[in-house]
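The values are calculated or read from the model by the stated rules, or taken from the named source; none is laboratory data. Values in this document were obtained by computation on a predicted structure and should not be read as measured data. So basically every Cβ, Gly included, is an ideal-geometry build from the backbone, and we count neighbours across all protein chains shown.
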Amino acid sequence: MNRFPKALTVVGGLAAASAATHLVRADFEGRIDDLADRVLAEGLAAPADPVTDRELEDLPEPVRRWLRFSGVVGRPVPATVRLRQLGELRIGGGGWVPFAAEGYYSTAPPAFVWKARIRMAPGVQVVGTDSYVDGRGRLEMRLLGVAPVATDSGAAVDEADLLRFLNEIMWFPAGALIPEITWEPVDGASARATMTYGGASGSAVFSFDAEGRLTTMVADRYDRESSAVIPWSTPVQSYGEFAGVRVPTAGEAVYARPDGDYSYIRLRVTEVEYDVPRRY
């Protein structure tokens with residue numbers, strides 16, 4: 001006769017735990033969204049004039065070729081960018097797991113917020129973010145949006161995320177012209193970009209084909225899992241066009257670890273929009 005009240009107690013406890021989990025996840029995702037809103041709002045304060053051929057004259061020839069092929073001449077450097085990605089992540093020594101992500105960028109000041117949902121197993125999701133705001137990088141991943149499974153910040157992450165921003169101008173090539181980035185020639189197919197911001201600096205070599213497509217970028221970057229700065233590359237696998245701008249649409253990121261190359265992300269970009277200053 002007393003089993004039914006006990007069952008009600010269990011059900012009530014589960015409901016309360018579920019509600020608490022939902023609130024914690026909502027708070028976490030809300031803080032990510034608030035940071036993305038801030039990046040988009042601050043980017044709006046920096047309208048730009050259309051890019052001209054004259055602005056390209058002092059750049060290394062491969063970079064000029066890239067920007068002209070991309071179609072940035074006659075268009076302004078975008079104040080904000082938003083995009084969507086689908087792909088797979090490899091976490092630690094495990095296998096590949098699918099993810100969907102949104103990215104939000106500003107070019108003045110340079111900043112980004114990446115928000116991902118990673119499907120670890122049926123009904124089991126990791127929600128997380130990698131952000132670079134005010135020259136500071138931060139990674140935070142939470143199981144079900146509640147239990148922290150990875151966090152990282154500090155000077156090494158600041159520089160790693162600076163390099164990530166530098167790399168991801170591939171999706172808004174006119175970003176190559178922001179004052180925080182300088183270029184120097186390497187050879188007829190590549191050039192070195194150096195970005196300095198927020199007290200940190202990082203360099204990467206961009207390589208291009210004969211038509212002007214970006215083919216890869218290589219830099220020495222902090223690898224969280226090995227806690228070392230090692231060669232990092234982002235080979236491009238396909239190209240497409242969004243809003244009249246030609247950009248990479250698929251690729252991966254690879255660390256050259258002592259025991260062999262380690263590819264940890266494979267992605268394709270499904271949407272890129274410029275100067276749409278709101279979240280998806």
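Observations
- Subset of segment 166-186 [closer than 19 Å to residue 234 by Cα and either without any contact (Cβ under 8 Å) to a residue 12 or more places away in the chain or not hydrophobic (A, V, I, L, M, F, W, C) (or both)]: 167, 168, 173, 175
- Lone unmet requirement of (1) more than 22 Å from residue 233 (Cβ to Cβ); (2) not in a loop (DSSP other than H, G, I, E, B) for residue 156: (1)
- Test: residue in segment 208-216 that is polar (S, T, N, Q) and within 14 Å of residue 110 (Cα to Cα): no
- Selected residue [in a strand (DSSP E or B), touching a residue at least 12 places away in the same chain (Cβ under 8 Å) and more than 19 Å from residue 112 (Cα to Cα)] from 226, 203, 207: 207
- Criterion violated by residue 74 - all others in (1) surrounded by fewer than 13 Cβ atoms within 10 Å (Cβ to Cβ); (2) out of contact with any Pro (no Cβ under 7 Å at 6 or more places or on another chain) satisfied: (2)
- Among the residues making up segment 141-164, those that are farther than 25 Å from residue 217 by Cα and either polar (S, T, N, Q) or touching a helix residue (DSSP H, G or I) at 6+ places or on another chain (Cβ under 8 Å) (or both) are 142, 144, 145, 146, 151.
- Residue identified as of a type outside the set (D, E, K, R), in a loop (DSSP other than H, G, I, E, B) and in contact with an Asp or Glu (Cβ under 8 Å, 6 or more places away or on another chain) among 212, 145: 145
- Restricting segment 117-131 to residues that are free of Cβ contacts under 8 Å to residues at least 24 places away in the same chain, assigned to a strand (DSSP E or B) and not basic (Lys, Arg), the residue that is surrounded by the most Cβ atoms within 10 Å (Cβ to Cβ) is 128.
- Considering 251, 244, the condition of being under 21 Å from residue 96 (Cβ atoms), modelled with pLDDT of 95 or more and among the small types (Gly, Ala, Ser) is satisfied by 251 alone.
- The residues of segment 45-66 that are exposed (fewer than 14 other Cβ atoms within 10 Å of the Cβ) and either part of a helix (DSSP H, G or I) or of a type in the set (S, T, N, Q) (or both), listed by number, are 52, 53, 54.
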